[in-house]
Structure formats: C-alpha cells, structure tokens
Amino acid sequence: MIEQYNVYAAKLLPPEELFASGHKACQGCAPALALRYLMKALGPNTIVCNATGCMEIVSSAYPDIAWGVPWIHVAFENAAAVASGVESGIKILQRKGKLAPGRINVVAIGGDGGTFDIGLQALSGMLERGHNAMYLCYDNEAYMNTGIQRSSGTPFGASTTTSPAGKAIPGQKTVKKDLLEIGVAHQIAYAATACTSYPFDFMEKVKKAFSYDGAKLIHILAPCPTGWRTNPGEVIKHGRLAVQTGMFPLYEVDHGRYKMSMDLPFLKPLKMYLSPQGRYRHLSEEQIAIIEANLKARYAKLQALCRITAEV
Amino acid sequence: MGKRKGVESSIALADSAAMCRIEAIAAYPITPQTHIVEHLSEWVNDGHLEAEFVPVESEHSAMSAALGMSAVGARTFTATSSQGLALMHEILFIAPAMRLPVVMAVANRSLSGPISIWNDHSDIMTDRDIGWVQIFAENGQECFDLVPACFRVAEDKRVVLPTILNFDGFVVSHMIEPIEFWTQEQFDAYLPPFDPQIKLDVRKPVAMGAVGIPEIYYEARLAQQNALLNAKAVVVEAFAELEKMVGRKYNLVETYKADDADAILYLMGSLSETAMTAVDNLRKQGKKVGLVRPRLWRPFPTEELVAAFGNVPVVGVCDRALAFGHEHHMVAQEIRALFYDAPHRPKLVEFVIGLGGRDVTIGDMEHILNRLLEVKNGAPVGPVEYVGVRK
C-alpha cells in the first residue's frame, strides 16, 4: 500500500519492535532510532551483523538482548566481512537444500569509526565482491562509544576529545570523508544517504536497496546529543537542519544514477544548524563562511551529477 | 591398504578438505599455504565441490567471514601462514568464545622481521593460547588423514570448538609424497554432516557475541577453558575411529624408541622425521635415544606426556621460535612446567633450531642426541644451545 500510493502514515508501519526498547542507549540517541526504523523496514527475515560500537554495546549486554532477529557481533572492523560470510553461508545452504529458500536480508551495521576508518577495507571487500547484503553506516560523526574522539567522518571544525577546539588548532582540521562516493566507486547496485529525521525516506531506501541483488550501502546521519553537545530533546530538529542547510544532503545513487531525495528550494543558513551544537561553539565567522562555501559547492556538484547521470 | 599416489602435501590436504564436503571457504593468499586455497578454488570452479569460495581482501576478513559462514551452519574451512595468522590474531580468540567449529590449516612459517617466507614455528607459538584445538601433522599422509579428524573433533557436540591443523611450511607443504587417499565413502562414514545446535536462523533468533559484563565474562571464559580441556577424550575417539577406518594409528603423544631410552628429545612438527633417522643412526651405535612429540598440542596432553617420558634421566627440548626476553623459549617453558609436578624430574637440555628455514640436518639431530647422552653421563646441562647459528 505504501509503495502504491506513496503516502506514509506511521500506523501503516508494522507494530512489531524487532529492535526493542529497554536498550541502554543515551537519551535522545538517534542511532537507536535508525536501528528501530531499519528493523521496521526489513522485518523478521533478517540477520544483523553488528560492528563493535555504541549500538552493539547498548543492545547486547548479556542477557538483555534488544534484538528480535538473529544477530552476530564479532569485532570492530569486520562487520562487512562477517556479513560476507553470513551471506555466502546462506547461499550455499539454500543451494544444497539445507536451508529453506527465500530471501533473508543480511545487514552489516557499523558506526562512522567502524566504517569510515577501521572497517573501510572490509566494507570495500564486501561491496567489491558483490555480496547480496546491505551495509548500514550510522554516522554520528565521532567515536562516541569511547568518548567522542574524532573519526574521518567528523566534519571540519568540530571539536572532539582528540580534535579539541584549542587556541592553536580550532577543532577538526580535515574535511569529512565522502563515504557514499567510496561506495559508488565500487559500482554497487544501490547507495543512498539518509537521516533519522526523515524516517520514511530512510525506510523506503532500505526497501529499495533490498529490491536489488548485490551489495548496497546506506549512510545515515544519526545525531548524537552526547557527542554533539546538544539538547537530547532536539535531535530530530538537528537532523532536519543538517539536511535543510545542505550540510548532509539526502540523495541516492541507483545503478549509478544520482537523484536528490528532496527538492530544497533554498539552503537554510548554516548557522541555524551549527549554533545549537556545543561542538561548533568555538567557530569564527570566517570558519563558518568556509564551511558554508564548501557545502554549497558540494551541493551544486551533486545537482550536476543528478543532471548528468539522468542522461546516461 | 589403498593405492598410493604421488602428490604434493598441500594438494592432498586441500583434496581432503574438499572430500570432507566443506561448504564455505574464506581464503587469502599467503606463502606457503597458497596451494591449498588455489586447489580448493579449482574444486569449486570445476563444479566438483558444492561450496562458496570467498576470496576475501585480508586474513582478518578471512577469519571474520569464516565465523559468519560457520554461524549460519555451513561447514567452513580456511588456511593461512605466518603474517596471515598474525593478522587474524584478534579474531582467533573470538572463534572459540562463540563456539564456531571452523577448521584451519596452518602452514607454519616464520614471522617478520626480517621478512622470511621459510619454515619455523614463530607463527603458531604466538597463537598458542587462542583457545582452539591444535593438532600437528608431520608429513603429507598425516595432512590428508587429519583434516577429517579435525572436523570430527571440532563439530562434535561435546566440543564445538575451532581446530587448527599445523604442518610445516615448504618442508611438508611443498613436498611430493606417496599418499594413500581415502574413498569418498570412507569420508562420509567417518564424518557426519555438520549439525549445529545453535545457529543464526530467522525462525529461531539468537544473539551471538553479546557483551560480557563483569558478572558474566569470567564464567564464560572458564566455560571455554573446560570445553577445550574436555576435548581431549573426543580427540582420542576420533583417532581410534580413524584407525578403524584406514588402519593408521594416531596418538595424542607420539613416541619413537622412547621406552628404554637413556635420553629423549622432545620436538614438534616435521623435524621428527629427520630426528628419527638420527635416532636410528645412534641406536646402531648402541646409544639408547628416543623421541617424544605432541600430536595434540591443545588441549595439552599432560598425563600422556608424563607417561611418555617415564623415568628418563635426560630430556632435550627443541624450540623453533624465540620467546624474546626470556632465556627459556616457549616449548621449553611448557616442558619445564610439565615436570614441575611430575613424579620424576629429568635434566632438561634446551635447543633452538631451524629458525626462518635454516636447514636442519641429520647431523644436527645426532649432535643434539649425543649432547643429551653427555648430560646423562655427567656433563653440565648448560644454557640453551642455538644449533646451526653462525658465531
């Protein structure tokens, strides 16, 4: 029904909570929301391969397991490799008739540290080999689990515990790695960005990803009030501002074709996004101007990619 | 006895794994293990083996993917050496904790640096305490015979632990030997299909690899220790059934002319074949020397070793890796510990030999055995001797 009318209502979602409440995430944790939506989109025929990180820790302190589906955690940098094994194992067992036929969704989940940094090689392997699995990177833009250290997903200027806003060096010196482009470079079936503030967009993307065989990647921005030093009651608002200011554009790359997920008539002033966040409090007007100029250029490039790839 | 054919040990080992009807392979190339996974990919690509061969991008991912394969219930195999084993190190500890009965062949090779592709035991000594069942094969026939034994032990419901088959790189792996193959019927009779009690199954969800809070971790680790110690009886069974099937006898501890020996040399891996010749040569001179070596290394066969050494007055120990910063190396440490509580404590003479592929000759072994006899006759034990090193 959802697909037919393109109309969404929360009541059309399955009521089952396959990522149950009662887990140990912080107040206002958007990555936990991402997992809840993910499981609503995928349903029970799913196996989750979780990298070490916040979401693994908060959801699996034995015996309090938040997962209603088969779930495996091995280590930090290898969620994509474990998922590759799970997918291959299912494939051969189904081929030999030892496992009932039918689709089993295999999902690897990692944070930005577990994906952009330590897990990048395993991710590349999974994407390149074309395993019929999806990698979900929940990006809260730093190593939150170990206490807010910078990752290569931390944006320029952000203050973290290893890129503190000092007098000589004002926060993160580098720009955020473009994870989705790395995924796209593997010529995978489907890659998309998403944000926990747009749950229906995210869930639709998850379903679309699994409508294709082969490897797929979704990169979801999931605000972390603890690490961003924001009000836990406002994570939805901050996620929306990330999208509406152009800081985190929502788009998909479907078999190489770029498409913006929403038409923004204009980009809201970046300050609206930055100023409520403690991690950006130290930024000067000049630094904000640099960030804003960069994001506008990147946004324009994405729009151009949409135009170009629509024609090919 | 069946027909023997001349075949490289690595190829025989791969054939044996394929005939175990392995279902999933995650592999990365590293010398001198490479022939095994190359040959397995031929089995798969020629359509002779119904299995998924995943050519992963690192050994770290090889072990990680292997755990994923095993977790859904596929019989899983991999192989590695040296740096590859070292790169797996982190995940090696997790496999037995998750009770995933992967079988891995390790072609023992030195560790960097300096980089060396040649044989010694630095790799596996570094991964001694990973919690896997560990077995040693000393020649091509043993490589072939012991792969199904490894799967049988690993997947036994009383064990459910990953298992390593160690064999020497190049010295065994690349040697062409006359090897007696089992028939497929013998494999199928010896090794039942993998039937895991717990797996990742959407019809019956389980969580694998949960967080071990302080109230849980200690008990979980001890349960794993007990599982590994209890595996010994199952290895005995597996070897007994193997003997019934093909007539070759394997023991937890192998001995050679040790019963009446005045001195016994303890060594691991393929050096024993060189040492046996040396023993025979000395026996011809009326010198009563013998050998003891572990077939099963983990769980450590303490009682069997104590029994094998008996009341021998002198024991020599060969190490093929260094315990940097300690004057007694790994194997010597283990044997020293063995005798601490033993009813009879022999003199212990320690040797290091064959590091990084340095040739070990029959003459070297005769020298070591003669040295043991000198100690028996009153010569001082002395510090560890580095045999074959240039002064």
Report task. Identify, among B:379, B:333, A:232, the residue whose Cα sits farthest towards the positive end of the charge dipole of the protein assembly as shown, taking +1 on the Cβ of Lys and Arg and -1 on the Cβ of Asp and Glu, with the dipole about the Cα centre. Result -> A:232
Query raised in the report: Averaged across the residues of B:22-32, what count of C-beta atoms belonging to other chains lies within 10 Å of each residue's C-beta?
Result: 2
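In region B:133-219, what trypsin sites (Lys or Arg not before Pro) fall in a loop by DSSP, with at most 15 other Cβ atoms inside 10 Å?
On the way: sites: B:152, B:157, B:158, B:199, B:203; in loops: B:157, B:158, B:199, B:203.
Here the sparse-neighbourhood loop sites are B:157, B:158, B:203.
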Requested in this report: Ignoring ligands, DNA and RNA and using a 1.4 Å probe, state the total buried accessible area between B and A in Å², rounded to the nearest 100.
Outcome: 3100 Å²
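Apply the a/c threshold of 1.5 to the C-alpha gyration tensor of region B:180-225 and tell me whether it is rounded, prolate or oblate.
Details: a/c = 5.19, a/b = 2.03, b/c = 2.56.
Cα axes put region B:180-225 in the oblate bin.
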Query raised in the report: Between the helical axis of A:120-129 and the dominant principal axis of chain A, each derived from Cα atoms, what acute angle in degrees is found, rounded to the nearest 10?
Result: 40 degrees
Query raised in the report: By how many degrees, between 0 and 90 and to the nearest 10, does the Cα long axis of helix A:30-42 differ from the longest principal axis of chain A?
Result: 30 degrees
Query raised in the report: Hey, got a sec? Which GluC sites (Glu not before Pro) in region B:353-389 land in a DSSP loop and have at most 11 other Cβ atoms within 10 Å?
Result: none
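Relative to the Cα centre, what is the charge dipole magnitude of chain B, using +1 at the beta carbon of each Lys and Arg, -1 at the beta carbon of each Asp and Glu, and rounding to the nearest 20 debye?
Details: 36 positive and 50 negative charges, 164 e Å.
The calculated dipole for chain B is roughly 780 debye.
Of A:146, A:154, which has the most accessible area and how do the rest follow, probe 1.4 Å? Mind showing how you got there, number by number?
Working: A:146 100, A:154 0 Å².
Final ranking, largest accessible area leading: A:146, A:154.
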**Report entry** Diffusion coefficient, µm² s⁻¹, Stokes-Einstein with Kirkwood Rh over alpha-carbon pairs of region B:1-124 at 25 °C and 0.890 mPa s
**Finding:** 166 µm²/s
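Would you work out if region B:307-391 is rounded, prolate or oblate? Take a ≥ b ≥ c from the square roots of the eigenvalues of the alpha-carbon gyration tensor; rounded if a/c is under 1.5, else prolate when a/b is larger than b/c, oblate otherwise. Provide the component values of the computation, followed by the final result.
Details: a/c = 1.93, a/b = 1.34, b/c = 1.44.
It is oblate, given that a/c is not under 1.5 and a/b is not larger than b/c.
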Query - Accessible heavy-atom area order of B:39, A:23, highest first, probe of 1.4 Å - result: A:23, B:39
Report task. Could you work out the relative contact order of region A:251-312, using alpha carbon pairs under 8 angstrom and six or more residues apart, expressed as a whole percent? Result -> 45 percent
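Find the accessible area per residue for region A:2-311; the probe is 1.4 Å, ligands and nucleic acids are left out, and the unit is Å².
Values: 12450 Å² over 310 residues.
Roughly 40 Å² per residue, with all protein chains present.
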Query raised in the report: Relative to the longest principal axis of chain A, what angle (0 to 90°, nearest 10) does the C-alpha long axis of helix A:79-95 take?
Result: 20 degrees
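For chain B, which whole-number percentage of the solvent-accessible area (1.4 Å probe, protein heavy atoms only) is attributable to carbon and sulfur atoms? Provide the component values of the computation, followed by the final result.
Working: 8290 of 15280 Å².
About 54 percent, which is the carbon plus sulfur part of the accessible surface.
In square nanometres, what is the average projected area of the Cα convex hull of region B:253-386?
Working: hull surface 30.6 nm².
Here the figure is 7.6 nm², rounded to one decimal.
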Query raised in the report: Averaged over peptide A:89-102, how many Cβ atoms belonging to another chain are found within 10 Å of each residue's Cβ?
Result: 6
Query raised in the report: Is the protein assembly as shown rounded, prolate or oblate when judged by the Cα gyration tensor, a ≥ b ≥ c being the square roots of its eigenvalues, rounded requiring a/c under 1.5 and prolate requiring a/b larger than b/c?
Result: prolate
Report summary line: Listed by chain and number, the lysines with an alpha carbon less than 29 angstrom from that of residue A:91, same-chain partners under 8 positions apart left out, are A:40, A:205, A:207, A:208, A:216, B:157, B:199, B:204
**Report entry** Selected from A:54, A:195, A:26 as most flexible by GNM, with chain A as the system and alpha-carbon contacts under 10 Å
**Finding:** A:26
Requested in this report: Please get the size of the charge dipole for the protein assembly as shown, origin at its Cα centre, with Cβ charges of +1 on Lys and Arg and -1 on Asp and Glu, quoted in debye to the nearest 20.
Outcome: 1680 debye
Query raised in the report: What number, in percent, do you get for the relative contact order of region A:89-136 if the mean sequence gap of Cα pairs under 8 Å and at least 6 apart is divided by its residue count?
Result: 43 percent
Report summary line: In whole Hz, the Karplus estimates of ³J(HN,Hα) for region B:165-180 (6.51, -1.76, 1.60; θ = phi - 60°; x where Gly or Pro) are 9, 8, 7, 6, x, 6, 4, 10, 4, 9, 8, 8, 10, x, 10, 8
Requested in this report: Using amide H atoms built 1.01 Å from N in the peptide plane, name the residues 5+ places from residue B:118, or on other chains, whose amide H lies under 5 Å from its own.
Outcome: B:110
Query raised in the report: What size of dipole, in debye to the nearest 20, comes out for chain A about its Cα centre when the only charges are +1 on Lys and Arg C-beta atoms and -1 on Asp and Glu C-beta atoms?
Result: 100 debye
Query raised in the report: Which of the listed residues, B:78, B:6, B:226, is farthest toward the dipole's positive end in region B:4-246, when Lys, Arg count +1 and Asp, Glu count -1 at the beta-carbon?
Result: B:226
Requested in this report: Please report the relative contact order for chain B, taking Cα pairs under 8 Å with a sequence separation of at least 6, and give it as a percent rounded to a whole number.
Outcome: 16 percent
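The values are calculated or read from the model by the stated rules, or taken from the named source; none is laboratory data. Computed from a prediction, not measured in an experiment: that's the story for all the values here. Note: ideal-geometry Cβ built from the backbone for every residue, glycine included; neighbour counts use all protein chains shown. Accessible surface is based on the protein model in full, side chains and every heavy atom, while ligands, DNA and RNA are left aside. Shrake-Rupley method; radii C 1.70, N 1.55, O 1.52, S 1.80 Å.
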